[in-house]
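The values are calculated or read from the model by the stated rules, or taken from the named source; none is laboratory data. Remember, predicted model here, so these are calculated numbers, not experimental data. Neighbour counts are summed over all protein chains in view; Cβ atoms, including those assigned to glycine, are modelled from backbone coordinates with ideal geometry. Each accessible area value is taken on the protein alone, full model and side chains, heavy atoms only, with ligands, DNA and RNA left out. Shrake-Rupley method; radii C 1.70, N 1.55, O 1.52, S 1.80 Å.
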Amino acid sequence: MLELSNTRIAIVGLGYVGLPLAVEFGKHFPTLGFDINAERVRELTGGWDRTLEVDSDELAAAPLLRYSSDPVELKGCTTYIITVPTPIDEYKRPDLTPLHRASEMLGTVVTKGDVIIYESTVYPGCTEEDCIPIIERVSGLCFNTDFFAGYSPERINPGDKQHRVTGIVKVTSGSTPEAAEYVDALYRTIIAAGTHRASSIKVAEAAKVIENTQRDVNIALINELALIFNRLGIDTLEVLEAAGSKWNFLPFRPGLVGGHCIGVDPYYLTHKAQEIGYHPEVILAGRRINDTMGLYVTDTVVKLMTRKRIHVVDADILVMGLSFKENCPDIRNTRVIDIVREFQSYNARVDVCDPWVDPAEAAHEYGITTLKKLPSKQYDAVIIAVAHREFVDMGAAGIRCLLKPRSVLFDIKYVLPREASDARL
């Protein structure tokens, strides 16, 4: 029998998803926070979270939580929760390498009666068809006889201090009725908002992947409308505000669609759909639109510069913001990089300023140099790419001080009033 009273938890992966979960479970159960990054473990042990999702007081409020990068310490746990990344490769295909490696590692420590719960975003069927066979092969144990599985998709929104893990309804599922009850009861101990138990692991996997696919398609529609309205000389935000006066109009805004979820998850669903012989048209069309918005911004700025007789070659360009969203250091799959690289292809001199982003991480991930503070110089063009509070607080006058007398200001995020910029989405 699976009993909560005997539960000893291991959280595998201490990123934006795993760490908040580990902290909450560490208030109730003996919990091991595991990450292969030894430096990450040292930082957390010292009370600092570089993702800024959990502050030092919150880390200290989990007395039963400890950290390790040594797989041997996973032994003795009874419930393993996998929160590793599930990215896509250069061909936009699911990259299950982190998930497979985590499963192989757990195969060396899992014992009879244990439960393995996956939270990483995957396509329907991945847990039972891809991951569990790895654990069976490595461990020699039999699924649903010797060990059990669950799937409870993450719903973390990086940088969001209002919607925290305990305040978001948690979807749960299990590989047997008993496992499903155990997984649901486990999460109910920390999720104040309650749980929703799905009938199967596949249903829970599908629910997760369509959450972000739905947002992606909706944003793609608004992006396409912005492309149309800009050609018609109509301000997109004014149109959206007018349409938003109707009670059932959805409040989406145009912009760059990046991050680990919305810009990635749809490809997991389309991969599985194509695998079973169905070619998804709406989802992939939305992806194509959203993936090209950075190029549209660059093309628009170049045209505006040309009209003002500003040479793009050797021009000084400032991109304000690199992270995929405001007030957050997360640069995973940021589409701001498309703007940077496109301007670099024109041989322009591009400065990227982001007060939230770690310059070393930006250099490692994208090979670019970023600035924490705005330099004391003026630019031929400024692109407000991310609405960090530091940029919003500058106001129109402060940002225009960064511009040369003859220059272009493009506002992607509607930070400024319409008349304060040369163009916006």
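Results, tabulated for the structure shown:
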item	result
Options Thr108, Thr127, Thr121; residue that is hydroxyl-bearing (Ser, Thr, Tyr) and open to solvent by 20 Å² or more (accessible area, probe 1.4 Å)	Thr108
Check on Tyr182, modelled with pLDDT of 95 or more, surrounded by 20 or more Cβ atoms within 10 Å (Cβ to Cβ) and either under 18 Å from Ser120 (Cβ atoms) or touching a Ser or Thr at 6+ places or on another chain (Cβ under 6 Å) (or both)	no
Residue check, Asp70 of a type in the set (Asp, Glu), open to solvent by 40 Å² or more (accessible area, probe 1.4 Å) and out of contact with any Cys (no Cβ under 7 Å at 6 or more places or on another chain)	yes
One residue from Leu256, Leu237, Leu227 being of a type in the set (A, V, I, L, M) and either assigned to a loop (DSSP other than H, G, I, E, B) or closer than 22 Å to Gly367 by Cα (or both)	Leu256
Segment 240-253: number of residues that are under 15 Å from Ala220 (Cβ atoms), hydrophobic (A, V, I, L, M, F, W, C) and assigned to a loop (DSSP other than H, G, I, E, B)	2
Unique residue being closer than 30 Å to Glu3 by Cα, open to solvent by less than 50 Å² (accessible area, probe 1.4 Å) and not β-branched (Val, Ile, Thr) when the list is Gly159, Gly174	Gly174
First in segment 408-424 and touching a residue at least 24 places away in the same chain (Cβ under 8 Å), second anywhere and aromatic (Phe, Trp, Tyr) and open to solvent by 30 Å² or more (accessible area, probe 1.4 Å), Cβ under 9 Å, 6 or more apart	Arg424/Tyr414
Meets criteria (farther than 22 Å from Ser421 by Cβ, surrounded by fewer than 16 Cβ atoms within 10 Å (Cβ to Cβ) and in contact (Cβ under 8 Å) with a residue 12 or more places away in the chain) for Val357	no
Exclusive hit being free of Cβ contacts under 8 Å to residues at least 40 places away in the same chain, touching a helix residue (DSSP H, G or I) at 6+ places or on another chain (Cβ under 9 Å) and on the phi > 0 side of the Ramachandran plot, set Gly47, Gly33	Gly47
Selection from segment 30-51 of residues that are assigned to a loop (DSSP other than H, G, I, E, B) and open to solvent by 20 Å² or more (accessible area, probe 1.4 Å)	Pro30, Asp35, Ile36, Asn37, Gly46, Gly47, Trp48, Arg50
Members of segment 361-386 found to be open to solvent by 20 Å² or more (accessible area, probe 1.4 Å), of a type in the set (A, V, I, L, M, F, W, C) and either under 26 Å from Arg307 (Cβ atoms) or at pLDDT below 95 (or both), listed by number	Leu374
Selection from segment 55-106 of residues that are among the β-branched types (Val, Ile, Thr) and assigned to a helix (DSSP H, G or I)	Val72, Thr97
Within segment 73-86, considering residues that are open to solvent by 40 Å² or more (accessible area, probe 1.4 Å) and not small (Gly, Ala, Ser), the one nearest to Pro20 (Cα to Cα)	Pro85
Given (1) in contact with a Ser or Thr (Cβ under 9 Å, 6 or more places away or on another chain); (2) touching a residue at least 40 places away in the same chain (Cβ under 8 Å), index of the condition Phe143 fails	(2)
Any chance Asp330 is free of Cβ contacts under 8 Å to residues at least 40 places away in the same chain, within 22 Å of Val54 (Cβ to Cβ) and open to solvent by less than 10 Å² (accessible area, probe 1.4 Å)	no
Test result for Leu425, closer than 20 Å to Val302 by Cβ, surrounded by fewer than 19 Cβ atoms within 10 Å (Cβ to Cβ) and either under 25 Å from the mean Cα position of the chain (by Cα) or not polar (S, T, N, Q) (or both)	no
Single residue of Gly259, Gly233, Gly263, Gly277 found to be over 25 Å from the mean Cα position of the chain (by Cα) and modelled with pLDDT under 95	Gly233
Hey, Leu403 surrounded by fewer than 21 Cβ atoms within 10 Å (Cβ to Cβ), more than 22 Å from Val357 (Cα to Cα) and at pLDDT 95 or above or not	yes
Count of residues meeting criterion [in a loop (DSSP other than H, G, I, E, B) and either β-branched (Val, Ile, Thr) or open to solvent by less than 10 Å² (accessible area, probe 1.4 Å) (or both)] in segment 303-322	6
Subset of segment 327-361 (residues that are in a loop (DSSP other than H, G, I, E, B) and among the polar types (S, T, N, Q))	Asn327, Asn333, Thr334, Asn347
Sole residue being surrounded by 14 or more Cβ atoms within 10 Å (Cβ to Cβ), under 16 Å from Tyr123 (Cα atoms) and of a type outside the set (D, E, K, R), chosen from Ile219, Ile210	Ile210
